[in-house]
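Heads up, the thing below is written out as structure tokens.
The values are calculated or read from the model by the stated rules, or taken from the named source; none is laboratory data. Values in this document were obtained by computation on a predicted structure and should not be read as measured data. So basically every Cβ, Gly included, is an ideal-geometry build from the backbone, and we count neighbours across all protein chains shown.
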Amino acid sequence: MEISKKSQGSSLEIAVAGRLDTTAPLLEAELKRSIDGVTELYFDFAALEYLSSAGLRVLLAAQKVMNKQGKMVIRNVNETISEVFEITGFSEILTIE
């Protein structure tokens, strides 16, 4: 998994590439370092190939934080990842564009 960040003011975009599975703690640690003061959090999943339950847990934790701080949006979701969100019910919890 590769993580890249773009920050502008209180907006943060995190692009995740590869597989978000057993690597989920890396994303979790990055979020903990970066999320303070952020009011708009965007995830770019254009290059995300796989998402496991560990990755879903990290996204849910991020959503809980952002519910208090501002908003969180997931962008550029491919069909495979979209199906994971649908099956797990996360499409009802998360904002996906």
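Yes/no matrix, rows are residues, columns are (1) in contact with a Lys or Arg (Cβ under 9 Å, 6 or more places away or on another chain); (2) surrounded by fewer than 18 Cβ atoms within 10 Å (Cβ to Cβ); (3) at pLDDT below 95:
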residue	(1), (2), (3)
Leu31	no, no, no
Thr39	yes, yes, no
Asp44	yes, no, no
Tyr50	yes, yes, no
Leu56	no, no, no
Leu60	no, yes, no
Gln63	no, yes, no
Met66	no, no, no
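Of all residues in the stretch 2-24, those being surrounded by fewer than 18 Cβ atoms within 10 Å (Cβ to Cβ) and touching a Lys or Arg at 6+ places or on another chain (Cβ under 8 Å) number 1. The strands (runs of 3 or more DSSP E) falling completely within the chain that include 1 or more residues that are out of contact with any helix residue (DSSP H, G or I) (no Cβ under 9 Å at 6 or more places or on another chain) and of a type in the set (Lys, Arg) map to 2-8, 71-75.
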